[in-house]
Amino acid sequence: GLRGRGGGGFPTGQKWQSTKDAPGPIKYVIVNCDEGDPGAFMDRALMEGNPHSVLEGLIIGAYAVGASKGFIYVRMEYPLAVENARHALRQAKKLGLLGEDILGSGFNFDVSVHRGAGAFVSGESTALMNALEGKVGEPRPKYLHTSECGVWNRPSLLNNVETWANVPLIINQGSAWFSSLGTERSKGTKIFSLVGKVNQTGLVEVPMGMSLADIIYKIGGGIPEGKKLKGVQTGGPSGGIIPARHLETAVDFEELTRLGSMMGSGSIIVMDEDTCAVDLARYFVDFLCDESCGKCLPCREGLKRMREILNRIVCGKGEEGDLEVLRETAALMKDASLCALGRTAVNPVLSTMAYFPEEYAAHIRQKRCPSLSCKALVSYTIQPEKCLGCGQCLKNCPSKAISEQGDVCVIDQSLCSRCGICFDVCPPKARAVKKTSRGDGAG
């Protein structure tokens, strides 16, 4: 059957049944449109383009579990989604699909739109419910499931935008139609946000079980400039990085988890040979460190410690014991963090350490970045035999580190800030500026 499209992949029917069976006369249904993953815009497209599909699913869900009130929680950065959702609500009320005694059925149901405050962690179910109550958007301990004790301690059914949009399709087409798509344990289709180093970026909807290779090469058109693919990150900033050798992996909940990543909300970020795996892990840890609510110590301090270590490694100041500290910190965060943000934030680090150990070794032992990506470990020199003497590098250097010596230009390494502008502006026919990582951190 349908599994939640928000990341966890929990069976939707079980969640609905739990909410229906929970005691109490007041129940709520909620649309989670707090889409905060970098590079992800699946929910945004649905809410902006066809909010009625989401609203129809929400009404069906409310009727099924006995809820009389619904909320559409939309992140602050989606003003058009908010506007279109409110317009859809007005249209539904005008048609008698919301309000009192809907279509003479005796069923009463109304919906309101709630704008989030831009916090990534508010996408977590209990944090979102705290925000709906007007409190700080931070997770709660899950001693009781939100299906039993959610918003204002009432049974609450929360599903992602894409999950709700699937419901009317299943009702109209039938369960057999839905089950004919996808894999044995991951049914239906999934919308992915295909971004990064790929020729054709955008949203793609494919059957569950399609391989990463088919998505990237048959739909995405491959890697620009004929470069090699290094890896793919799935599942947003908390997802793992899957190397090129696993491109034939079927995209479903179980297979991605097996490889140390996850489905998440559905972002696929493609990386080419110029991407540094260590710096990529640092980037996502930095993002998650800033987005952590700080409520629990393992997540708050663990991410800070990971960021400190990774910042040192990409600057050529890493030490042999750093990798073991990263592993120990990751184990603690996975076991003791309050919510999924802390427990999954370790995936970018653990997956890159597992699949790209040689890059960590180069950074720590040789003080070298094999991908020529880490600024502190890269240097630029001008090859005199190729220099045209055009002066483009000299004119554009913000550090005034380039001077003319005869008919060619020369870079003063003591003044160079390693910004790379000289490399970018050097005429393609010359390619006189050479980018290297020699291992001394200073060029």
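Structure notes:
- Whichever residue in region 58-85 is of a type in the set (D, E, K, R) and buried (at least 16 other Cβ atoms within 10 Å of the Cβ) and, among such residues, is nearest to ILE26 (Cα to Cα): LYS69
Residue-by-condition table, conditions (1) in contact (Cβ under 8 Å) with a residue 24 or more places away in the chain; (2) within 19 Å of the chain's Cα centre (by Cα):
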| position | (1), (2) |
| --- | --- |
| VAL121 | yes, yes |
| HIS145 | yes, no |
| GLU148 | yes, no |
| ASN153 | no, no |
| ASN159 | yes, yes |
| GLY174 | no, no |
| THR183 | yes, no |
| LEU203 | yes, yes |
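- Per the listing ILE26, ILE60, the residue uniquely aliphatic (A, V, I, L, M), in a helix (DSSP H, G or I) and at pLDDT 95 or above is ILE60.
- The one condition in (1) part of a loop (DSSP other than H, G, I, E, B); (2) out of contact with any strand residue (DSSP E or B) (no Cβ under 8 Å at 6 or more places or on another chain); (3) not assigned by TED's automatic domain parsing to the domain that holds GLU254 that ASN199 fails to fulfil: (3)
- All conditions but one from (1) under 21 Å from PHE192 (Cα atoms); (2) of a type in the set (Phe, Trp, Tyr); (3) without any contact (Cβ under 8 Å) to a residue 40 or more places away in the chain apply to TYR283; the one that does not is (1).
- Qualifying residue in region 213-228 (condition: modelled with pLDDT of 95 or more, under 19 Å from the mean Cα position of the chain (by Cα) and assigned to a strand (DSSP E or B)): no
- Checked against the criterion of being hydrophobic (A, V, I, L, M, F, W, C) and surrounded by 18 or more Cβ atoms within 10 Å (Cβ to Cβ), the candidates LEU297, LEU256, LEU247 yield just one match: LEU256.
- Residue match in region 388-406 (condition: part of a loop (DSSP other than H, G, I, E, B), among the basic types (Lys, Arg) and touching an Asp or Glu at 6+ places or on another chain (Cβ under 7 Å)): no
- Residues of region 339-378 classified as part of a loop (DSSP other than H, G, I, E, B) and of a type in the set (Ser, Thr, Tyr), total: 2
- Between GLY1, GLY6, GLY39, GLY70, the distinction of being of a type outside the set (S, T, N, Q), touching a residue at least 24 places away in the same chain (Cβ under 8 Å) and in a strand (DSSP E or B) belongs to GLY70 only.
- Answer residue from region 331-351, given it is polar (S, T, N, Q) and within 15 Å of GLY239 (Cβ to Cβ) and is surrounded by the most Cβ atoms within 10 Å (Cβ to Cβ) among those: ASN347
- Every residue from region 114-148 that is assigned to a loop (DSSP other than H, G, I, E, B), in contact with a strand residue (DSSP E or B) (Cβ under 8 Å, 6 or more places away or on another chain) and closer than 28 Å to GLY1 by Cα: THR146, SER147
- Filter pass, VAL232 being assigned to a strand (DSSP E or B), over 15 Å from the mean Cα position of the chain (by Cα) and modelled with pLDDT of 95 or more: no
- Note on region 68-102: residues that are under 19 Å from ALA131 (Cα atoms) and among the charged types (D, E, K, R) total 3.
- Taken over region 94-113, residues that are assigned to a loop (DSSP other than H, G, I, E, B) and of a type outside the set (Phe, Trp, Tyr) amount to 9.
- Inside region 155-179, residues that are part of a loop (DSSP other than H, G, I, E, B) and surrounded by 18 or more Cβ atoms within 10 Å (Cβ to Cβ) make up a count of 1.
- Hey, LEU194 within 23 Å of CYS339 (Cβ to Cβ), surrounded by 22 or more Cβ atoms within 10 Å (Cβ to Cβ) and modelled with pLDDT of 95 or more or not: no
- Filtered by the rule that a residue be of a type in the set (Lys, Arg), touching a Ser or Thr at 6+ places or on another chain (Cβ under 6 Å) and over 30 Å from GLY9 (Cα atoms), region 322-374 gives a lone residue, ARG368.
The values are calculated or read from the model by the stated rules, or taken from the named source; none is laboratory data. Just so it is clear, the structure is predicted and the values come from calculations on it, not from any experiment. Here the Cβ is made from the backbone with ideal geometry for all residues, glycine too, and neighbour counts use every protein chain on show.
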